[in-house]
Every structure is written in C-alpha cells, then in structure tokens.
Amino acid sequence: MSRTSATRRTVLTAALAAAAGLGAASAASASGARLPAGARTPAGLAGPAARNAAEESTVSYHAWTTAADWATGTGEGTRVDAVKRAGIVIDSAQGTVEYEDPHGGTETTSWEYARWTGPVTELDTPATELIASWNARTPEGSWVRTEVQGTYTDGETTPWYTLGVWASGDGSDVPRRTSVDDQGDDRTSVWTDTVSVDDTEAGPLLAAFQLRLTLLRTPGSDATPTVWRGGVMASAVPERFEVPASEPGEASGVELDVPTYSQNVHVGRYPEYDNGGEAWCSPTSSQMIIEYWGRGPSEEDLAWVEPEYDDPQVCHAARQTFDYQYQGCGNWPFNAAYAATYRDMQGIVLRLDSLADVEHLIRAGIPLITSQSFLAEELDGAGYGTAGHLMTVVGFTEDGDVIANDPAGSDNSDVRHVYKRRQWENIWLRTKRYNAEGKEASGSGGVCYIYLPAKPSAVQRRALKDLGIR
C-alpha cells in the first residue's frame, strides 16, 4: 500500500456550482476537448473529454513536448534540442544558485542553472488542484527542479511552489529526490506532489498557472539535463461519495498481456525504502507496465540488489521512485519520471473522467495505473482495505468487469484479479469516502499514470487525442 497519511494528501472538494459562482468559464465539451477561450498555451493542448458521459469534464491536461511547444515559453539560458526528441537543455549557465540537500545526498551546495518558464495557461474551468509531471534525462552531476505558480480567480498569484527536486540517479553527485513540505499561502497548500485549494467552497479557485523548470549542474561541468515533457493536470472534480454507474463498453473482452508482480514478495527487503515491499504498490505497478512495453533495467542497474532476491527489478523501481521527504515510493510524478528514464518512454500523471476513458485506452493497447482507497467490504475479492493503493488496469471481462494486476497479491501468481465494475469505478472516481472509523476521508478522484513509448502507434495516438492527451 501507499499514500496512507492524510497529512500528505488532500482531496478535491469543489462542487461545480462553487466553481461557476466564482466566475468559471464554460467547461470543456464532453464530446471533445478544446482550448479555453483566450488561452495562451501551445496549439492543440486540451483536457480529457468524458466519453459518453453526461457531465462535462472538469479536468484538463496541458503538456509541452514539441519544439513549437517549448518555444511558447521563456528560456533563461536554455535552448531546444530537437535532434531526436524535442526537449530543453542548458545552453549557457545563468549563474549559480544555492541548494543545500536536507537529506544528505551531496555536500555540493552551489549549482549552475538555466531556466525555462512556460506561458500563463488559462483554465476553462477554475481548478481546485494542480499536479505537475515531467520526463527528463539527468546525466551525472545534474538535476531538475519543477515548480508551478497558480493565478487565483481574483487575479492574485500563489508563490512559486516546488513540486519536485529530481534526478534519475541517487549518487553522491546529486541531491536526493524529494518533495518539499510546508509550502502554502492563506489559500493553497502543497501536499507532496499536489497544489490544493484549502477552502474550495469559499474560494478563490485557480484560474491559470505557469510551469517553471530549472536545469542544474555541477559548476564548470558541460553536462546538462534534458527535459522532454513537462505537464500539468488541473482539476475541479465535484465532491462525491458515489459516481454514476457506467455500462460496459468498447473494451469488453479485451485483456492486455502485462507481467504480474507482487509487492508482497519483497516484504522486509530494503526497509530504507518505505519499509520494504509492503508499501511498494506504486513502483511494483510501474515496473509491470514498463516491462509490458519491452523496457527494463540492465544487469548493471541491478548489480546492487542481493543476488538471491527474485524480481530484482521491483527493488530497483522502489529505490528509483523513493521520495526522501515523503519517505515513500508513492509520489505520483516520481513514478512517471522513473518510467520515462527508459529508452524512448514517456510518463504522464492525470485524472480521467470515467471507466469509458479507461476502456478507450485499453482497447488501443495502453494499460494504466490507478489510485484508489477503500474498505475491504467495498471491493469484493480484494481481501483488504486501504487508505491508498495503486494497481494496474489491464483489461475488462466480457461482462465489463475490471481486470487488474493488483500488486497486493500474496505472490506473482495471485496478482491478476477481476473486480466488479460498479465497485471498482466508484472507489477510483470518488473524492470522498468513509474510513474504518466511520469518519470522512479522501478519494483520488480518478488519478492515474499512463506510460507509453515516445512514438506510439497511430491507433494509440488517436485514442490519446480523443482524451485530450498528447
């Protein structure tokens, strides 16, 4: 399990009426995603459309991935490298900044930097939450800081919030991967990887945002990080204990051949990474999908793992996703960034509106990882309850029930599960629930990770475009 602490996660609680009362523009069309009027975002960016849904979407995903996208931002010492895959790199260092690693990863405190700041991106529906994600390569001695600044519906702005200090390695030449606690003003707070409006009924909400990426390296070095994808998901999912039931759709009878790995095989291994396998649901799920796409760590990558341990790649995934502040492997963007360290891969964190969206991806051959919380009696066949757990959706039965590779299985042969459609969609899409003590608690509101090759097939590109993802 993961993401069990209420202090590390807040929930979307805005009702659509509250957003409208604070001057929200009309929501994105449910029949197809579109840009908000007057948006200053790269051409073609839009949010996931709720396929066959009665409600309009309150979720949008904005990404910068092409040379034209990166050109919409302002570079301070960065340039676009588009030889193989468009991304930003350090062209000329703009000076040095100080960063003292609170987790002891490096004694270096002075770093050369260059910075890219994205355009002000206006939202069609004012948001209650923002989640950033990124895909990058960081050679030795280099790292990336990801920040977001929000603009409220009254025109005021948030501070620049750090949503990740990140490097693909964890050697002594770079800071430890970390989120940053105790960030906020009197209206919003940062909870690990999420900017959240504190009082969604009173407001104000977030009407726009900017993304900022700082690329850093050891002074005097010619190394540079490369950031290929920067993304921000904005959402205002209504407060809800239940979501409307959906009917089985286009992916009924489709099951993808995704490897099965159990986190519980690794209980007691490497407790320095969130107490070992019992909390490794997120990296275990990530590793399943990475290998579905034919990628995986090299023998050199795994040399540190005890040779008697089976599935050493899961141990590797846990180490490479560990957040030293959160003290866990469940940081959503860190998992997506890990997946993107593999050859020609990309990782995205966002919300989806419905199981119809999931079916559309599965039908195109794209599995995904979902976050959910539930009591044992709310999900038949699971045999456990959880305040936060990740699992991999790999298909649907002929009757439309969900086929999930659930890493909570006792061993690899016990990972594939079939869960009732109605139960599963509700525990995933709701934002509110009751915990074992009968108290109100949060739900993820449809959060998921999507990993896929940098150059997906034509069918997969169409499916992603249908959901406003590119």
Handout entry: Amide H contacts under 5 Å for SER168, placed H, 5+ residues apart
Key = THR138
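Exposure proxy check: CYS329, CYS315, CYS448 ranked by fewest other beta carbons within 10 Å? Write down the numbers at each step before the final one.
Numbers: CYS329 30, CYS315 26, CYS448 22.
In increasing order of surrounding Cβ atoms, one gets CYS448, CYS315, CYS329.
What number, in percent, do you get for the relative contact order of the range 263-466 if the mean sequence gap of Cα pairs under 8 Å and at least 6 apart is divided by its residue count?
Numbers: 389 pairs, mean separation 46.0, N = 204.
Result for the range 263-466 is 23 percent.
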Exercise for the section: Excluding residues fewer than 8 places away in the same chain, name every one of the lysines whose C-alpha is closer than 21 Å to that of LYS432. Expected result: LYS420
Problem - Proximal aspartates and glutamates to LYS439, defined as alpha-carbon separation beneath 13 angstrom and excluding residues fewer than eight positions away on the same chain - result: none
Fill in the blank from the handout: Karplus-derived 3J(HN,Hα) from phi for the range 167-174 (6.51 cos²θ - 1.76 cosθ + 1.60, θ = phi - 60°), whole Hz, x at Gly and Pro, runs 9, 6, x, 9, x, 7, 9, 9
Completion exercise
Looking only at lysines whose Cα falls under 19 Å of LYS455's and that sit 8 or more positions away or on another chain, we get LYS84, LYS465
Problem - Within the chain: Cβ-based charge dipole about Cα centre, in debye rounded to nearest 20 (Lys, Arg +1; Asp, Glu -1) - result: 1360
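What do you get for Rg/Rh over the range 300-396 if you use C-alpha atoms and the Kirkwood form of Rh? Can you show the working numbers first?
On the way: Rg = 15.8 Å, Rh = 15.8 Å.
Using only Cα positions, Rg/Rh for the range 300-396 is 1.00.
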Completion exercise
When TYR61, TYR419 are arranged by how many other beta-carbons sit within 10 Å of their Cβ, fewest first, they go TYR419, TYR61
Exercise for the section: With just the Cα atoms of the range 263-466, tell me how far they stretch along each of the three principal axes, in Å, largest first. Expected result: 47, 44, 32
Handout entry: Farthest positive-ward along the chain dipole, Cα basis, beta-carbon charges - from PRO367, TYR309, THR121
Key = THR121
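Ranked by Cβ crowding within 10 angstrom, fewest neighbours first, how are VAL265, VAL393 ordered?
Numbers: VAL265 20, VAL393 29.
Least crowded to most crowded, the residues run VAL265, VAL393.
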Problem - Shape call, the range 74-197: gyration tensor on alpha carbons, a/c limit 1.5 - result: oblate
Problem - Amide proton proximity set for THR188, modelled H, under 5 Å, gap of 5+ - result: ASP198
Completion exercise
Rounded to a whole number, the Stokes-Einstein D of the chain in µm²/s (Kirkwood radius over Cα pairs; 37 °C; 0.692 mPa s) is 149
Problem - For the range 204-220, 3J(HN,Hα) per residue [Karplus equation, 6.51 cos²θ - 1.76 cosθ + 1.60, θ = phi - 60°, Hz, x = Gly/Pro] - result: x, 8, 9, 9, 6, 8, 10, 9, 10, 10, 10, 9, 10, 7, 4, x, x
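Counting alpha carbon pairs within less than 8 Å and at least 6 residues apart, what relative contact order, in whole percent, applies to the chain? Don't skip to the answer; put the middle values down first.
Numbers: 1277 pairs, mean separation 91.9, N = 470.
In percent, rounded to a whole number, it is 20.
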Exercise for the section: In debye, nearest 20, what is the charge dipole magnitude of the range 263-466 about its Cα centre with +1 on Lys and Arg Cβ and -1 on Asp and Glu Cβ, if you could check? Expected result: 960
Fill in the blank from the handout: HN-Hα couplings for the range 401-409 via Karplus (6.51, -1.76, 1.60; θ = phi - 60°), in whole Hz with x for Gly/Pro, come out as 6, 8, 9, 10, 7, 9, x, 6, x
Completion exercise
So for the range 129-213, using the alpha carbon gyration tensor with a ≥ b ≥ c as root eigenvalues (a/c under 1.5 gives rounded; past that, a/b versus b/c decides prolate or oblate), I'd call it prolate
Completion exercise
Ranking LEU163, SER235, GLY104 by how far each Cα lies towards the positive end of the charge dipole of the chain (+1 on Lys and Arg Cβ, -1 on Asp and Glu Cβ), the top one is SER235
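All of the numbers you see were taken from the coordinates with simple rules; none came from a lab. Because the structure is a prediction, the values reported are computed rather than measured. Using ideal geometry, Cβ is built from the backbone for each residue, glycine included, and neighbour counts are taken over all protein chains shown.
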